[in-house]
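What follows is a set of notes on a single structure, which appears directly below.
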């Protein structure tokens, strides 16, 4: 799995920046194909200067333009649209917005979703309580479909639920907590998904400690 450069904004209202973003994203796709990557993750972008619906349309059209002439099916590459934290002009904070982009691209290129736990939490969804996790997963199933989420980014959060602040924290050390990850990792409906930590590295070995913390939550 590869993550697209964060400077790419396929919803940009600036024609020059949009052109450069399409070119940059196409380069990301070409590299992913050359590396035989299965997934390329993309944030849907920022719609500053337009309305949200126009931003979603612009993003879907720009993704399609970026892939023109490239055979993603033959290359076994799927574009994953990642949900976001909900900053003022960002797209993808709601599951419905992610689902809309996917729907517009189905039949054009292989697409699915990547769900980030920190983004989900700070966007306002309850994944901390048992009932909240159950309701959030039900909403994901009703919008995107759990089978269409092959990758999860497992990150605790420094900020509070609904804060819209994208600040990742070590597993179990933030406002999400260990139990939420335990429930997520042991949900049988997600048994085929990949779970990837994008946690901070404040000191040597932090990456290994966070992966170990997640592994320890999985029931044998």
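Quick check on this structure: which one of 96, 141, 135, 103 is in a helix (DSSP H, G or I), under 17 Å from the mean Cα position of the chain (by Cα), in the same structural domain as residue 207 (by TED's automatic domain parsing) and surrounded by fewer than 19 Cβ atoms within 10 Å (Cβ to Cβ)? Can you show your working first?
Details: 96 fails: in the same structural domain as residue 207 (by TED's automatic domain parsing); 135 fails: under 17 Å from the mean Cα position of the chain (by Cα); 103 fails: in the same structural domain as residue 207 (by TED's automatic domain parsing).
Of 96, 141, 135, 103, the one residue that is in a helix (DSSP H, G or I), under 17 Å from the mean Cα position of the chain (by Cα), in the same structural domain as residue 207 (by TED's automatic domain parsing) and surrounded by fewer than 19 Cβ atoms within 10 Å (Cβ to Cβ) is 141.
In segment 165-202, what residues are assigned to a loop (DSSP other than H, G, I, E, B), buried (at least 17 other Cβ atoms within 10 Å of the Cβ) and under 16 Å from the mean Cα position of the chain (by Cα)?
Scanning segment 165-202 gives 166, 193, 199.
Of all residues in segment 122-132, how many are crowded, with 18+ Cβ neighbours inside 10 Å, closer than 17 Å to residue 190 by Cβ and either touching a residue at least 40 places away in the same chain (Cβ under 8 Å) or touching a strand residue (DSSP E or B) at 6+ places or on another chain (Cβ under 6 Å) (or both)?
So the answer is 1.
Quick check on my filter: what residues within segment 203-218 are more than 13 Å from residue 184 (Cβ to Cβ) and assigned to a loop (DSSP other than H, G, I, E, B)?
Within segment 203-218, 203, 204, 205, 216 qualify.
So which of 37, 62, 24 is outside the structural domain of residue 133 (by TED's automatic domain parsing), buried (at least 20 other Cβ atoms within 10 Å of the Cβ) and modelled with pLDDT of 95 or more?
Working: 37 fails: buried (at least 20 other Cβ atoms within 10 Å of the Cβ); 24 fails: buried (at least 20 other Cβ atoms within 10 Å of the Cβ).
Criteria check complete, one pass: 62.
The values are calculated or read from the model by the stated rules, or taken from the named source; none is laboratory data. Quick caveat: nothing in here was measured; it's all calculated off a predicted structure. Note: ideal-geometry Cβ built from the backbone for every residue, glycine included; neighbour counts use all protein chains shown.
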